[in-house]
Amino acid sequence: NRVDGMEDLKFRFGDQWPAIIQNSRNLESRPCLTINEIDAYCRQGENQQRQQRPRIKIHAVDSIADPKIAEVLGGITRHIEVNSNPDWAYDTAFMFAQTMGWGFMRMRTDFTREDSFDQDIYIDQIENPFTVYFDPNSSLPDGSDSEKALITDLMRKEAFEKEFPGASTGGFQERAAGDTDSDWVTEHDIRVAEYYYLERKPAKLVKLSDGKVLWADQLPPPDLLAQSGIGVVGDRDSYKRIVKWCKTTSFEILQEKVIPGRWIPVIPVYGSSYIVNGRRVRLGLVRFAKDPQRMVNFWQTATT
């Protein structure tokens, strides 16, 4: 998928002539015209998406949910979107999904200012989806069943050594298609990775006589329960979902922490997806438009 997706991406943006034909024509001093119609069709779809960008909407869906609380949560999500300016994230993820079959965006928390303990939630753009190594076993369209994701990034060596004094600058080997710098350490940069992974911690779930459901380690002392007239009516073995994050080089973990929430905060945006002979294939608009586009280029060039 990564190799095919990179070919689709390069084809959309003008690399449309097979190398053998282009070389033979260059030797004969003959032109190789590129009448790029695919990009125009892709931009039409992207402009339609820009006119109807997705927005987060909170609904009260049952008799217990409070419409007022849903309204408050809706206001919080609007604040997150306004604060994040997520249009770039939505547009970039959609552009890659339409072109080659998948794109990504991410969520993170960060301090509002350097002199504050307050944090906000942000929706961020992922500029290059090839730097994301998403859980290959994830099959749901929203990626909520993913249990791991890795995002790579380049840092200047000076900034790396300042932020992580004493850390090793050893390098990873070459990565997959679309992320293939010769090494993870170059002359002036070092590539680090953010790794999200999900852990399942066994825990016992308890149901109380007043209808509340708690983890066993959250129960008040038995005498306090007896005084309140509340008893345990059932329990079962379950687990807690714990999302962990670490920043790492090829040799060591530089930082690590537990992430609030139950899901990996990397959101995929998919184009077409289907299974062929046991292999999941992801593709966008460009894949089956290549041959018609080549015919346009060949016939237009043949007239010159």
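The values are calculated or read from the model by the stated rules, or taken from the named source; none is laboratory data. The shown structure was predicted, so the numbers you read here are calculated from the model rather than taken from an experiment. Cβ: placed from backbone, ideal geometry, glycine included. Neighbour counts: every protein chain shown. Calculation scope for accessible area: heavy atoms of the full protein, side chains included, ligands and nucleic acids excluded. Shrake-Rupley method; radii C 1.70, N 1.55, O 1.52, S 1.80 Å.
Against the criterion of solvent-accessible heavy-atom surface with a 1.4 angstrom probe, Arg280, Arg200 sort, most first, into Arg200, Arg280. Extension gain, Ile80 to Asn26: 0.36 nm times the residue separation minus the Cα-Cα distance gives 14.1 nm.
Each Lys and Arg Cβ is given +1 and each Asp and Glu Cβ -1; about its Cα centre, the chain then shows a dipole of about 900 debye. Based on protein heavy atoms only, the range 230-304 ends up with 62 Å² per residue of surface accessible to a 1.4 Å probe. Bridgeable aspartates and glutamates around Lys57 (alpha carbons under 17 Å apart, same-chain partners fewer than 8 residues away excluded): Asp66, Glu71, Glu81, Asp87, Asp142. Averaged across orientations, what area in nm² does the convex hull of the alpha carbons in the chain project? Taking the Cα atoms of the chain, their convex hull projects to 24.4 nm² on average. Put Met105, Met295 in order of accessible area, highest first, and with a 1.4 Å probe you get Met295, Met105. For the chain, a Gaussian network of Cα nodes joined below 10 Å ranks Gln16, Gln227, Gln125 by mean-square fluctuation, and the top entry is Gln227. Compute the separation of the alpha-carbon centres of the range 39-65 and the range 239-256 and state it in Å as a whole number. Comparing the Cα centres of the range 39-65 and the range 239-256, I get a distance of 32 Å.
Cross-link pairs exceeding 20 Å in C-alpha to C-alpha distance, out of Lys148/Lys207; Lys148/Lys247; Lys148/Lys204; Lys212/Lys240, comprise Lys148/Lys207; Lys148/Lys204.
Among Ile259, Met107, Met295, which residue has its Cα positioned farthest towards the positive end of the charge dipole of the chain, with +1 placed on the Cβ of Lys and Arg, -1 on the Cβ of Asp and Glu, and the dipole taken about the Cα centre? Most positive-ward Cα: Met295.
The calculated 222 nm mean residue ellipticity attributable to helices in the chain amounts to -9500 deg cm²/dmol, summing -39500 (n - 2.57) over DSSP H runs of n ≥ 4 and dividing by all residues. Listed by chain and number, the lysines placed with their C-alpha closer than 23 angstrom to that of Lys10 are Lys290; residues fewer than eight positions away on the same chain are left out. Exposure check, 1.4 Å probe, all protein chains in place: His188 carries approximately 90 Å² of accessible surface. Projecting the Cα atoms of Asn36, Leu73, Ser116 onto the dipole axis of the range 1-124, where Lys and Arg carry +1 and Asp and Glu carry -1 at the beta carbon, places Asn36 farthest toward the positive end. In the chain, Cα pairs under 8 Å separated by at least six residues give a relative contact order of 22 percent.
For Ala302 and Leu140, the difference between the fully extended length at 0.36 nm per residue and the C-alpha to C-alpha distance is 53.7 nm. Considering only Glu187, Glu199, Glu256, the Gaussian network model of the chain with Cα springs below 10 Å gives its largest mean-square fluctuation to Glu187. Ligands, DNA and RNA left out, the 1.4 Å accessible surface of the chain is 54% carbon and sulfur atoms.
Comparing mean-square fluctuations of Phe13, Phe130, Phe117 from a GNM of the chain with C-alpha springs under 10 Å, the top value falls on Phe117.
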